[in-house]
Every structure is written in structure tokens, then in C-alpha cells.
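The values are calculated or read from the model by the stated rules, or taken from the named source; none is laboratory data. Since we're looking at a predicted model, the values are computed, not measured. No Cβ is skipped: glycine too gets one built from the backbone with ideal geometry, and neighbour counts run over all protein chains shown. SASA here: full protein model, heavy atoms, side chains in, ligands and nucleic acids out. Shrake-Rupley method; radii C 1.70, N 1.55, O 1.52, S 1.80 Å.
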Number of protein chains: 2
Amino acid sequence: MNAVHLLLAVQLVKAYTGNMGIAERKERQRAELREQILRVARDIVVKEGFPALSMRKLADAVEYAPATLYLHFENREAIAKELCVRGFQDLLATLEPAAQVEDPLERLPKLAEAYVRFGLEHPETYRLIFMEDPKLSTALFGDNPESAGPRSFGVLVQVFVNLLAAGRLEAGTKPEQLAEVLWAGVHGIVSLRLTCTGFPGTPAEELTQVLVTTLVKGLPGLKAGRA
Amino acid sequence: MNAVHLLLAVQLVKAYTGNMGIAERKERQRAELREQILRVARDIVVKEGFPALSMRKLADAVEYAPATLYLHFENREAIAKELCVRGFQDLLATLEPAAQVEDPLERLPKLAEAYVRFGLEHPETYRLIFMEDPKLSTALFGDNPESAGPRSFGVLVQVFVNLLAAGRLEAGTKPEQLAEVLWAGVHGIVSLRLTCTGFPGTPAEELTQVLVTTLVKGLPGLKAGRA
DNA sequence: AGTGGTTTGTGAACACCGTTCATGAACGCC
DNA sequence: GGCGTTCATGAACGGTGTTCACAAACCACT
């Protein structure tokens with residue numbers, strides 16, 4: 001915060017003296033380098049996984065000394081956090097089209113499919129967000145409710161809110177609980193695929209479909225009584 | 001394998017010469033030290049998490065030089081793998097009582113509850129098995145089908161096999177798929193709890209119940225038609 | 001009892017890692 | 001041109017996993 005305030009103060013002074021072009025350029029360059037660092041870091045993570053992202057390798061890739069990175073980020077974790085935030089925004093963006101579907105019962109499978117697809121298409125990003133460091137994942141939900149984390153969860157909740165509002169669900173049903181169950185299901189499918197790569201199992205897309213239809217309709221043709 | 005063969009050869013020779021007490025003691029001591037290393041390693045992992053398990057700290061704790069550890073394990077990962085195997089055996093043991101329940105529809109919630117309980121009661125063990133290194137998790141399922149990994153999954157499959165055999169499920173239903181969905185669900189619940197610690201949500205036990213009843217009966221009071 | 005060979009243990013080193021800090025260079029302002 | 005701020009860095013610190021030459025302990029055999 002100190003640095004930001006200082007920069008703002010400098011800008012204001014420059015504006016007052018009628019000479020702010022240089023300060024603007026400097027801040028722009030600073031922001032550009034920060035962005036470049038994040039771009040390269042993302043590339044490394046996507047290609048080799050988060051554990052392979054070392055400050056020295058990253059510094060080499062952006063052609064600066066390792067110490068320079070610390071002028072733009074507090075530490076390695078701060079870089080990871082930023083990548084997490086952006087990764088989660090990508091996930092939310094992937095969910096967005098499916099979230100537009102009007103009928104909640106049609107929306108549900110589309111959302112699940114989109115979620116799982118994102119996880120499988122961006123495994124290292126997904127791992128970074130949900131499976132690397134609890135500190136990273138926790139941070140994505142702890143802060144303001146307008147960030148991608150809570151908003152994504154909200155998209156899931158909305159499905160059941162809509163169903164409930166339309167009188168299509170039993171009164172008293174808690175939409176958040178069902179959303180959490182759904183989330184656990186799709187997250188489970190993705191994360192098991194990403195970790196137990198050797199496990200045979202059915203294709204993730206098919207499994208997602210089975211998950212959704214079972215959650216909606218229950219076990220196929222179930223006879224409750226004893227056999 | 002070489003070392004083992006050598007030891008066997010030595011034992012045989014000793015037996016032939018009528019003097020195998022010493023070789024026995026040596027092997028026993030060797031196995032004891034190996035076991036002690038694993039015990040201490042487990043303690044560290046359970047208390048401080050797998051990332052905190054360093055070879056030097058472990059060597060200090062067992063009062064040997066770091067290099068000595070490499071006489072008993074190929075590397076750090078080999079220790080982790082062994083801890084994984086044993087952790088999974090514990091998980092299977094936790095599932096065992098629930099697996100004994102005769103009625104599959106009663107068994108299902110018990111299994112789910114036991115699974116989730118294990119994950120929450122042994123978070124670092126669960127993390128080690130399923131969330132640290134893909135190589136570790138993969139190894140647990142890749143090898144022989146009698147290991148704890150496939151056997152645990154088999155316990156889940158059995159629920160649906162029994163239902164199907166009793167004619168209580170629609171013919172053509174694939175038990176493995178349903179088991180996988182169930183597994184994804186409970187794993188999702190546990191792993192989200194362990195990573196997104198900040199997320200509020202309903203208690204895991206309640207959520208597990210909702211998951212199971214929804215999977216069995218479908219969405220409560222669902223009206224399929226448009227509102 | 002002494003000797004030789006095997007097993008067991010280790011200190012030191014290598015190549016990394018994240019991070020810090022004093023030093024130096026570049027830059028914009030006066 | 002001189003000065004103060006900003007930017008960049010080399011070198012260092014303490015940590016990591018791992019290897020390897022070397023030493024010590026041990027057991028078997030003469």
C-alpha cells in the first residue's frame with residue numbers, strides 16, 4: 001500500500017506541475033514487467049507444473065536477476081496467488097456460457113460438463129487452484145464475495161435456487177447444500193483424474209453425465225424394499 | 001532386489017553351515033531401523049505435513065546421518081510411497097466395518113460416512129495419499145489388484161453389484177460407474193474441506209448424508225416439467 | 001588371535017532452492 | 001553538471017535432496 005500511495009502522490013504532484021508523461025510511462029513499464037513476469041510464470045506452470053516454477057528459472061526466463069522479481073512480488077507465493085486468481089477467473093469464464101441456459105435442469109449438466117472440461121483441459125491450472133497449497137485455495141474464498149471463487153459457487157447455487165423458486169423442489173431444501181454436493185462431485189471427478197492417472201475408469205465426460213443424472217433422478221430403477 | 005537376494009543367499013549359506021542366528025539378528029535389526037524410520041517419518045507427516053518432511057530432519061529425529069537413510073530407502077519418494085501404502089491400508093481398515101453391513105442400501109451411507117471421517121480425522125495422511133504427488137497416488141492403483149487401493153474401490157463397487165444382483169437396480173447399470181461417482185463425491189467433500197479451509201459450507205457429515213440420499217433418491221420432490 | 005572381506009555409517013561435497021541486502025548504475029529533476 | 005530517487009544486481013545465508021569416497025564395525029576363517 002505504501003508504494004501505491006507514493007506513486008499516486010508522485011502522479012498528483014506531476015499533474016500539478018503540468019508534467020506527468022514520464023511518471024505515466026514509468027508506471028506503465030513497471031506494470032508491463034509485472035505482467036510479463038506473470039505471463040512467463042503462467043507458461044512455466046502450465047507446461048511443467050507449479051512445483052517446477054522456481055524463482056531462478058523464472059528470472060532467467062524474463063532475463064532479469066532473481067532479486068528483481070522481489071521488486072514486483074513479495075515472494076513466490078504472491079506470484080502463485082495472482083496466478084490462482086486469474087486461473088479461477090478463467091474457470092468462471094468457462095462456466096459463464098453454461099450459466100446462461102434458462103432451464104435449470106438443462107443448465108445443470110452443461111455447468112458440470114464445462115467445469116470438468118476446464119479441469120481436464122487445464123490440469124496444471126486446476127491443480128494450482130485446488131490442489132497445491134491450502135493457503136492458495138483458501139485465499140480464493142476468504143476475501144470479498146465478488147471474486148471468482150464465491151461467484152463460481154454462486155452460479156451453482158443459482159441452479160437450485162431457480163428450481164426451488166419455480167416450486168420444482170421440495171420446500172425447505174437448501175440450495176447451498178445441493179450446490180456443495182454438486183461441486184464436490186465434479187471436483188472429485190476432476191481431481192481423481194488428475195491425481196490417480198493410472199486408474200482406468202470410465203471417461204470423465206461420461207462419468208460427469210452419470211453423476212448429474214444420478215443426482216437428479218437417483219439410482220436408476222431402484223427398488224427400495226429388501227430383495 | 002539385489003540386496004534381498006544377497007541376504008537370502010547369505011541366510012542359506014549360514015543355514016547350511018549351521019549358523020544362522022547372527023544373520024537373523026542382523027536382518028531383524030535392519031528391518032527394525034527401517035521400521036523406526038517409517039514411524040518417525042509418519043509422525044512428522046501427521047504433525048507437520050508431508051512438505052515438512054525433510055531427509056535431514058528425519059535423520060536428526062532417528063539420530064543417524066542423512067546418508068544413512070539412503071541405505072534403507074532409495075530416496076525421499078520411496079519413503080513417501082511406503083507411507084502412502086500404509087495410509088491406504090488404514091483407510092481400507094476404516095471402511096471394513098461399514099463394508100460388513102448386509103443390506104447394500106444401509107451399507108452405502110455407512111461407507112460414505114466412514115470414508116469422509118477418515119479423511120477429516122487424518123488430513124495429512126489423506127493429503128499424502130491423494131493430493132500431494134500424482135506419482136504417489138498413481139502408484140497405489142497401478143500395481144497388483146490386491147493392494148489397498150483397488151480393494152477399497154472394490155468395496156464401493158460391491159454395493160452396486162449387490163443391488164444389481166438382487167434385481168434392485170435397472171439391468172444394464174454399470175456398478176463400476178456408480179462406484180466411481182460415489183467415490184468422486186466423497187473424495188470431493190473431503191478434499192474441498194482440506195484445501196478450501198476458509199469455505200463456510202455445511203458440516204461434512206451432513207453434506208455426506210445429503211450426497212448419499214441425493215444419489216440414491218434424486219433431487220427431493222423434483223418436478224421434471226417446465227414451471 | 002589375527003587377518004581379510006563384507007556390511008554399516010558418515011562427513012563433505014554438489015547442485016539446487018527462496019530470500020535478503022549492500023552496492024552500483026541509470027534516470028529525471030533542479 | 002550535480003543530486004536524489006528508482007531500478008537492478010551479485011553475493012551471500014540457510015535450507016533442500018542426493019552422492020560418494022572413506023572409515024569403522026563386524027563376522028568368518030585360518
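For segment A:86-114, which positions are open to solvent by 10 Å² or more (accessible area, probe 1.4 Å), within 21 Å of A:PHE141 (Cα to Cα) and of a type in the set (A, V, I, L, M, F, W, C)?
Residues satisfying the conditions are A:LEU92, A:ALA93, A:ALA99.
Considering segment A:210-225 alone, what residues qualify as being more than 7 Å from chain B (Cβ to nearest Cβ) and of a type in the set (Lys, Arg)?
If the condition is that a residue be more than 7 Å from chain B (Cβ to nearest Cβ) and of a type in the set (Lys, Arg), then no residue fits.
Given the conditions (1) part of a helix (DSSP H, G or I); (2) modelled with pLDDT under 95; (3) surrounded by fewer than 11 Cβ atoms within 10 Å (Cβ to Cβ), which single one is not true for B:GLY18?
The one condition B:GLY18 does not meet is (1).
Please go through segment B:51-73 and pick out each residue that is within 10 Å of DNA strand D (Cβ to nearest atom) and assigned to a helix (DSSP H, G or I).
B:PRO51, B:ALA52, B:MET55, B:ARG56, B:LYS57, B:LEU58, B:ALA59, B:ASP60, B:PRO66, B:ALA67, B:THR68, B:LEU69
Looking only at segment B:122-137, count every residue that is within 8 Å of another protein chain (Cβ to nearest Cβ) and free of Cβ contacts under 8 Å to residues at least 60 places away in the same chain and tell me the total.
2
Yes or no: A:LEU207 within 7 Å of chain B (Cβ to nearest Cβ), under 16 Å from A:ALA114 (Cα atoms) and either buried (at least 21 other Cβ atoms within 10 Å of the Cβ) or among the aromatic types (Phe, Trp, Tyr) (or both)? Steps first, answer last, please.
Numbers: within 7 Å of chain B (Cβ to nearest Cβ): yes; under 16 Å from A:ALA114 (Cα atoms): yes; either buried (at least 21 other Cβ atoms within 10 Å of the Cβ) or among the aromatic types (Phe, Trp, Tyr) (or both): yes.
Answer is yes for this residue.
Pull out all pairs, ordered by first then second residue, where Cβ-Cβ is under 8 Å, the residues are six or more apart or on different chains, the first lies in segment A:58-75 and is over 16 Å from A:ASP43 (Cβ atoms), and the second is near DNA strand D (Cβ under 9 Å from one of its atoms) and at pLDDT below 95.
A:HIS72/A:ARG30
Output the residues belonging to segment A:140-156 that are of a type in the set (A, V, I, L, M, F, W, C) and open to solvent by 20 Å² or more (accessible area, probe 1.4 Å).
At the first step, the residues of segment A:140-156 found to be of a type in the set (A, V, I, L, M, F, W, C) are A:140-141, A:148, A:153, A:155-156.
Listed by number, the residues that qualify are A:PHE141, A:PHE153, A:VAL155.
State whether one or more residues within segment B:95-115 are under 27 Å from B:ALA80 (Cβ atoms), within 9 Å of chain A (Cβ to nearest Cβ) and of a type in the set (A, V, I, L, M, F, W, C).
no
Results for (1) modelled with pLDDT under 95; (2) within 28 Å of A:ARG168 (Cβ to Cβ); (3) at the interface with chain A (Cβ under 8 Å from one of its Cβ atoms), shown as yes or no for each residue.
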{"position": "B:LEU164", "(1), (2), (3)": "no, no, no"}
{"position": "B:GLN177", "(1), (2), (3)": "no, yes, yes"}
{"position": "B:SER191", "(1), (2), (3)": "no, no, yes"}
{"position": "B:PHE199", "(1), (2), (3)": "yes, yes, yes"}
{"position": "B:THR202", "(1), (2), (3)": "yes, yes, yes"}
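Here are some conditions: (1) in contact with a Pro (Cβ under 7 Å, 6 or more places away or on another chain); (2) facing chain A (nearest Cβ under 7 Å). B:VAL159 meets all but one. Which one does it not meet?
Result: B:VAL159 passes all but (2).
Which one is surrounded by the fewest Cβ atoms within 10 Å (Cβ to Cβ), of the residues in segment A:76-85 that are within 10 Å of DNA strand C (Cβ to nearest atom) and touching a residue at least 40 places away in the same chain (Cβ under 8 Å)?
My answer is A:GLU77.
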